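For reference, the structure discussed in these notes is given below.
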Amino acid sequence: MTADPTIHDAAHEGFAWVKQVLAERGHPHVPVWLDVPARTCQEAAQALGLPHTGQIAKSVIFRRKADGVAVLVVASGDKRVDEKKVAAHVGPIGRADADFVKTRTGFSIGGVSPVGHATPPVTLIDRELFRFEEVWAAAGHPHGVFRLRPSDLAHLTGGAPVADVVQHA
């Protein structure tokens, strides 16, 4: 894991953008560049040496049916997002394909950050993240991640509400 890659091409622009957004918002932790890609929560947890995949704050994008707005759900990596619970908060939603995600967020699936979206999404933060003192989130590229406290998410995302939006066993 390294502090920062050399930005050579457009593929790394998302990482550089997230780094800039975090700095502008006063976030104390600089994103890190992993030596291996972490497109899934399991890959990220392994690369970071974390004992629990729940410590990965995954960003899941949906498309609100009424107006086509992106809906971002930041959830614990060991939980499955419950679409019915999300819809209860934001209205009916549908799946977002890779083109929708890239266009609305500026990031590709596998590297979607909870911050720095091209178009501001409607955001919900799952309460299950608060089981952990620290979590890690994608930093705009499958190799990029950053550390944060779950309580930092509300500030970093512009005041997104905390809700119960995952399935429980």
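The values are calculated or read from the model by the stated rules, or taken from the named source; none is laboratory data. Keep in mind that what you see is a predicted model, and the values were worked out from it rather than measured. We place every Cβ from the backbone using ideal geometry, glycine too, and count neighbours over all the protein chains shown. Heads up: the accessible areas ignore ligands, DNA and RNA and are worked out on the full protein's heavy atoms, side chains in. Shrake-Rupley method; radii C 1.70, N 1.55, O 1.52, S 1.80 Å.
Tabulated values for the structure
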read-out	value
Matching entry among 101, 81 (being within 14 Å of the chain's Cα centre (by Cα), surrounded by fewer than 21 Cβ atoms within 10 Å (Cβ to Cβ) and of a type outside the set (Phe, Trp, Tyr))	81
Pairs where the first residue, in the range 136-159, is of a type in the set (Phe, Trp, Tyr) and the second is part of a helix (DSSP H, G or I), C-beta under 8 Å, 6+ apart	136/44; 136/48; 136/55; 146/18; 146/22
Boolean, residue 100 is touching a Gly at 6+ places or on another chain (Cβ under 7 Å) and either more than 25 Å from residue 45 (Cβ to Cβ) or touching a residue at least 40 places away in the same chain (Cβ under 8 Å) (or both)	no
Residue match in the range 108-115 (condition: without any contact (Cβ under 8 Å) to a residue 40 or more places away in the chain, open to solvent by 30 Å² or more (accessible area, probe 1.4 Å) and hydroxyl-bearing (Ser, Thr, Tyr))	no
Matching residues in the range 18-47 - criterion: being open to solvent by less than 70 Å² (accessible area, probe 1.4 Å), assigned to a loop (DSSP other than H, G, I, E, B) and either touching a Ser or Thr at 6+ places or on another chain (Cβ under 7 Å) or without any contact (Cβ under 8 Å) to a residue 60 or more places away in the chain (or both)	26
Within the range 22-40, considering residues that are farther than 18 Å from residue 116 by Cα and among the charged types (D, E, K, R), the one modelled with the lowest pLDDT	39
Residue tally, condition open to solvent by less than 30 Å² (accessible area, probe 1.4 Å) and either among the aromatic types (Phe, Trp, Tyr) or in contact with a strand residue (DSSP E or B) (Cβ under 7 Å, 6 or more places away or on another chain) (or both), over the range 134-155	10
Flag if residue 161 is surrounded by 15 or more Cβ atoms within 10 Å (Cβ to Cβ) and at pLDDT below 95	no
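A quick yes/no check of all residues on (1) under 14 Å from the mean Cα position of the chain (by Cα); (2) of a type in the set (Ser, Thr, Tyr); (3) under 28 Å from residue 65 (Cα atoms):
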position	(1), (2), (3)
114	yes, no, yes
132	no, no, no
141	yes, no, yes
146	yes, no, no
153	yes, no, yes
163	no, no, yes
166	no, no, yes
